[in-house]
Amino acid sequence: MSNFDYDVVVVGGSLAGLSVAISYALHGGENILVLEKKKKPIHDCAGGIAKFALDEISKLLELKRVVSFIDNEIYSFGIITKRSCIFVENDYEEDPLGYVIGRVKFIEHLTRKAKRLGVEVKRGASFENAVRKRDGFRVTYRNHRTNFVTCKYLVGADGALSKTGALMGFEVPSGDDLHICAQKWLQFGVEDIKLPYEGYFVENPQDPDDMIIIYHDREETPKGYLWIFPQGGYEFRVGIGVPQGYGTPYEYLERWIRKYLESYTTLDKIGGVVPTAKPFKEVVKGNFALVGDAGRQCSALHGGGMYFGMVSGYHLGRALANDNLKNYQNWYRGNLYKILKLHYLAKRTIYCMNDRDMDHLMGIVVRVASKDLMALSSITFEEIQKIFRKVALRYILRKPWLLVKLLTL
Ligand SMILES: Cc1cc2nc3c(=O)[nH]c(=O)nc-3n(C[C@H](O)[C@H](O)[C@H](O)COP(=O)(O)OP(=O)(O)OC[C@H]3O[C@@H](n4cnc5c(N)ncnc54)[C@H](O)[C@@H]3O)c2cc1C
């Protein structure tokens, strides 16, 4: 591959892009450049990740001192809809269910690891264009000036509105398939929150400071949900995601905060987008590959993409080091694609439901899966998928009209 300036150029130096680079280097790959347009990382995520997911990523990417980028451990979670709620909690004696990650610390950790492995990471370098040249690419990027480099493989890890993907003919999601998010970083006390299930924090034996809350109401969070992720010290990431075209998420968020929080201090606010689209069947075109949000490797159901993007990054890095992108495409179609499709179907199902249907679904979750959910900390990803299927099947059997609707999607 020596006729090129670089064997691989990765556009996007966030979770997916850095995972590709680390995995590539761990598998013996050399001569890789990561282009990242931001000069430094920002807190543009809620940071929630399940324990099994972080364990797996750490193992694959050989990450050490994981604790250095964890902001908080999560022992319980609650899902609240119009008239019902589910709370699942774990004992402090056991492992946590998941974590809230410090995004900036995490990206810095990955960047340091990549650099130690010999990866060249350029920050403040914005990808502009790529043209196919011989059996590779000529890439244009800008920092303080315009630069050109050639590479054999080009990787698009540049997020939901991927410029590289669009350039290579992949459709960028929009409308119902793109959720626009607003998140505030707030400080408040237990007594300040007045949800429909008022007092649940107090009644709950666990501490709200280690509980994740998901809130859904068709009017207050249309085709989306609101989250409260505690990051420790009674500071919370409170955010909302609604599809493009449904108004400004900040307005929904402000309304919700005014309605349910009596007093709070705002520490920070951010915005962002999440792809909630039908997954791509192919994520490779010739010597070009998409990964992470750019490749729609994000759950259309809950908007979580850290785990999917990083595991995909690992497989892509390995395939690149073996000079065989087909391995990545095959892994994707045989594994992640099926899961993403299921999440997309679940999202579309929820879009067809009214608040009563939602409450009914919650009832089924409690009846069918509460025992499994109680054992969440020791659960594997496959087991979670099994619960998911069990609940979906039971629900669809009760609502045959849904099946008809889904078959026409
Ligand atoms: C508000 C919010 C909350 C979220 N909360 C969670 C959560 O709790 N749990 C979870 O699992 N997921 C969450 N997600 C989703 C998660 O953040 C993404 O799935 C994940 O960050 C995807 O990583 P990525 O590397 O694919 O893309 P991104 O993190 O979007 O990174 C893309 C990178 O590409 C860079 N880039 C873009 N264009 C260019 C260019 N032209 N040149 C160079 N660089 C470029 C960007 O600067 C960025 O750093 C959330 C998303 C949002 C918006």
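Read-outs throughout are calculated quantities, based only on the coordinates presented, and are distinct from any laboratory measurement. Worth saying up front: this structure is predicted, and the values here are computed from it rather than measured. Heads up, the Cβs are rebuilt from the backbone with ideal geometry, glycines too, and the neighbour counts pull from every protein chain shown.
Applying a threshold of 21 Å to the alpha-carbon distances of K113/K133; K285/K347; K105/K184; K37/K115; K37/K326; K39/K269 flags K113/K133; K285/K347; K37/K326 as lying beyond it. Descending by average beta-carbon neighbour count within 10 Å, the peptides 312-318, 21-27 line up as 312-318, 21-27, the highest first. Counting every alpha-carbon pair across region 67-169, the share separated by more than 22 Å comes to 58%. Per the Cα gyration tensor, region 225-266 maps to an equivalent ellipsoid with semi-axes of 21, 13, 7 Å, ordered largest to smallest.
Within region 153-199, the GluC sites (Glu not before Pro) that combine a DSSP coil assignment with at most 13 other C-beta atoms in a 10 angstrom radius are E171, E198.
Place a point 7 Å from the Cα of Y264 along the Cα-to-Cβ direction; which residues of region 41-78 have their backbone N under 19 Å from it? Taking a point 7 Å out along Cα→Cβ of Y264, the residues of region 41-78 whose backbone N falls under 19 Å are 43-48, 72, 77-78. Inter-label distance, N354 to N129: 5.4 nm, where each label sits 7 Å from its Cα along the C-beta direction.
Taking GluC sites (Glu not before Pro) across region 48-153, the ones in a DSSP loop with at most 15 further Cβ atoms lying within 10 angstrom of their Cβ are E62, E93, E94.
Count charges around L261 for me, please; just the other residues with Cβ under 9 Å from its Cβ, Lys/Arg as +1, Asp/Glu as -1.
+1
The slack between V66 and R255, meaning 0.36 nm per residue of separation minus the straight C-alpha distance, is 64.4 nm.
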